[in-house]
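J.: Pasting a structure below so you can have a look.
The values are calculated or read from the model by the stated rules, or taken from the named source; none is laboratory data. As the structure is a computational prediction, the values presented were derived from the model and not from experiment. Note: ideal-geometry Cβ built from the backbone for every residue, glycine included; neighbour counts use all protein chains shown.
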Amino acid sequence: MVMLYMRWPGRVLESGETPPAPILSFVARQLDLSPGLWSHYGRRDETSRSHLAHLMKRYGYRTFDRSAFHDMTGFAMPIAHHVTQPSRMAAILIDEMRRRSILLPSVTVIEALVRRARQQADHLVHDVLAGDLPPETRCRLDKMLERRGDRSASSLSWLRNPPLSPAARNILRLLERLEYVRSLNLDSARATTIPRVAVDFH
């Protein structure tokens, strides 16, 4: 049963955890044993640990440690540029850990993995888009966070909320926004060095 859980879902049975009855019955039938014998297994923690260590060594499994966290973050960071949904990222990480025979950590650790990969992807996008901008350009970008004159909205908020109606007056408002963006004198070629979804996400 311990080996079964290591293969799928890819984790170690918790202390005192009883597998679902259908699974327990299925395995018991294969071994021609009574499912009730499970309650006698692992009464001594040393027995469970010994069996786990033996199975891990024999079948090449490894525990999720600091090294695994580093490895999986490195694997996930490039994917984070293309996949923005945390649940999908978590599923990809889980599949890869199973492929690498890394025993799955807790849900909170997997969530931390997703966050770390997302943060590293964000930092890379920032470095590509703004890492070597001259001071005057940085200053213009910083001013986008300030209020537009006597209005409550910042220039950034104004740009991110264009009018959607095709009315003639709105065409002029769109042109005003286009002129403002062009005045920033940004190199549009920077965005071509990272995936489009990463630019849209940010």
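J.: Quick one: what pairs do we get from region 157-182, first residue of a type in the set (D, E, K, R), second surrounded by 10 or more Cβ atoms within 10 Å (Cβ to Cβ) and assigned to a helix (DSSP H, G or I), C-beta under 6 Å, 6+ apart or different chains?
T.: Going by the 6 Å Cβ cut-off, the qualifying pairs are Arg177/Leu159.
Here is a yes/no grid of residues against (1) outside the structural domain of Ala189 (by TED's automatic domain parsing); (2) over 16 Å from the mean Cα position of the chain (by Cα); (3) more than 30 Å from Gln85 (Cβ to Cβ):
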residue	(1), (2), (3)
Val107	yes, no, no
Ala117	yes, no, no
Asp122	yes, no, no
His126	yes, yes, no
Arg140	no, yes, yes
Lys143	no, yes, yes
Arg151	no, yes, yes
Leu159	no, yes, no
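J.: Can you run down the residue pairs with Cβ atoms below 8 Å, 6 or more apart or on separate chains, where the first is in region 124-147 and under 14 Å from Leu159 (Cβ atoms) and among the hydrophobic types (A, V, I, L, M, F, W, C) and the partner is part of a helix (DSSP H, G or I) and modelled with pLDDT under 85?
T.: Pairs that qualify, where the first residue is under 14 Å from Leu159 (Cβ atoms) and among the hydrophobic types (A, V, I, L, M, F, W, C) and the partner is part of a helix (DSSP H, G or I) and modelled with pLDDT under 85, are Leu141/Ala130.
J.: I need every pair where a residue in region 56-71 that is small (Gly, Ala, Ser) has its Cβ under 8 Å from the Cβ of a residue that is in a helix (DSSP H, G or I), sequence separation at least 6 or different chains.
T.: Filtered contacts from region 56-71: Ala68/Met97.
J.: Scanning region 141-155 for residues that are among the small types (Gly, Ala, Ser) and either more than 17 Å from Arg182 (Cβ to Cβ) or modelled with pLDDT under 80 (or both), which turns out surrounded by the most Cβ atoms within 10 Å (Cβ to Cβ)?
T.: The extreme case among them is Ser154.
J.: Could you please find all residues in region 159-202 being at pLDDT 85 or above, assigned to a loop (DSSP other than H, G, I, E, B) and under 24 Å from Leu129 (Cα atoms)?
T.: Residues satisfying the conditions are Asn161, Pro162.
J.: Right, another one. Which residue pairs have Cβ atoms under 7 Å apart, sit 6 or more places apart or on different chains, and have a first residue in region 10-39 that is on the phi > 0 side of the Ramachandran plot and not assigned by TED's automatic domain parsing to the domain that holds Ile110 and a second that is of a type in the set (D, E, K, R) and at pLDDT 80 or above?
T.: Matching pairs, first to second residue: Gly10/Arg98.
J.: Then there is this: I'm trying to understand the selection: among the residues of region 157-170, which are farther than 20 Å from Glu146 by Cβ and surrounded by 12 or more Cβ atoms within 10 Å (Cβ to Cβ)?
T.: Pro163, Asn170
J.: Does Leu55 count as within 16 Å of Arg11 (Cβ to Cβ), aliphatic (A, V, I, L, M), touching a helix residue (DSSP H, G or I) at 6+ places or on another chain (Cβ under 7 Å) and surrounded by fewer than 18 Cβ atoms within 10 Å (Cβ to Cβ)?
T.: yes
J.: A follow-up question, please. Among Leu129, Leu156, Leu133, which is the only one that is under 27 Å from Thr192 (Cβ atoms), touching a Leu at 6+ places or on another chain (Cβ under 8 Å) and assigned to a helix (DSSP H, G or I)?
T.: Leu156
J.: Could you list all residues from region 97-119 that are farther than 16 Å from Met6 by Cα and surrounded by 16 or more Cβ atoms within 10 Å (Cβ to Cβ)?
T.: Matches in region 97-119: Ile110, Leu113, Val114, Arg116, Ala117, Arg118.
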